[in-house]
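Working notes, structure below.
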């Protein structure tokens, strides 16, 4: 069984891969703030997701929906619910009952797991009201430690490590939200990110998500999540390439 290489044992090619990931991460981190493309296909939804000042709940709620479905479908769910609520301010979401939200999810088939995710959506609205006085931006306001932000995301029902670190990473990398440090923003153990690290021999073939997280900490201790975006893109490209190969081969002959 092929084992992952340690820092000292890495080949020149593997070191080059890591250096490229870090360079891409630093480039994104230092780039000026611009509109983040969530690829929902809806211009108003894109504007609301990018409006952390007036509609921070949109970003939070969408992050919680990004679970085992295409991310583009997850990001547009707050917009779909807001349409049914009659508006996009937090007060419109706050007025919805758990039953209202469940019916919206079911009738529009918003998620692969409508019953569970509608409960998470409703619970998040209650937490935003009770813990953050209706202002989700208080989760990351005031230049907090990255560990504080990740922990606050983890407190929401349905937010595991993958979602919490993804949200914190987007806030820092794309929205340029200031934090006291970045050391607790881990790499998100997405299947495509895992695939990228395994294909380049950086993670053993039966390596776990925990191993990936600690490997990223080893490679980039000050900001482990810096490796995330480049690896995700590389893993996604591999998936597309494989899918095209299957199409070119045609159906399997029996």
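Tell me, yes or no, whether the stretch 121-130 has at least one residue that is more than 17 Å from residue 163 (Cβ to Cβ) and exposed (fewer than 15 other Cβ atoms within 10 Å of the Cβ). Within the stretch 121-130 (the criterion being more than 17 Å from residue 163 (Cβ to Cβ) and exposed (fewer than 15 other Cβ atoms within 10 Å of the Cβ)), the answer is yes, since at least one residue qualifies. In the stretch 63-91, the qualifying residues are those that are surrounded by 15 or more Cβ atoms within 10 Å (Cβ to Cβ) and farther than 20 Å from residue 43 by Cα, and the one that is modelled with the highest pLDDT is 64.
A residue that is at pLDDT below 95, within 27 Å of residue 93 (Cα to Cα), outside the structural domain of residue 118 (by TED's automatic domain parsing) and not in a loop (DSSP other than H, G, I, E, B) cannot be found anywhere in the stretch 172-193.
Put simply, of 14, 44 the only residue that is over 18 Å from the mean Cα position of the chain (by Cα), in a helix (DSSP H, G or I) and at pLDDT below 95 is 14. Going through (1) crowded, with 16+ Cβ neighbours inside 10 Å; (2) at pLDDT 95 or above one by one, residue 141 falls short only on (1). Just one residue in the set 60, 49 is closer than 23 Å to residue 160 by Cα, part of a helix (DSSP H, G or I) and free of Cβ contacts under 8 Å to residues at least 60 places away in the same chain; that residue is 49.
Once the stretch 26-41 is narrowed to residues that are in a helix (DSSP H, G or I) and in contact (Cβ under 8 Å) with a residue 12 or more places away in the chain, the residue that is surrounded by the fewest Cβ atoms within 10 Å (Cβ to Cβ) is 26. All of (1) under 15 Å from residue 134 (Cβ atoms); (2) free of Cβ contacts under 8 Å to residues at least 24 places away in the same chain hold for residue 118 with one exception: (1).
The values are calculated or read from the model by the stated rules, or taken from the named source; none is laboratory data. What you see is a predicted model, and the numbers here were worked out from it, not measured in a lab. Neighbour counts are summed over all protein chains in view; Cβ atoms, including those assigned to glycine, are modelled from backbone coordinates with ideal geometry.
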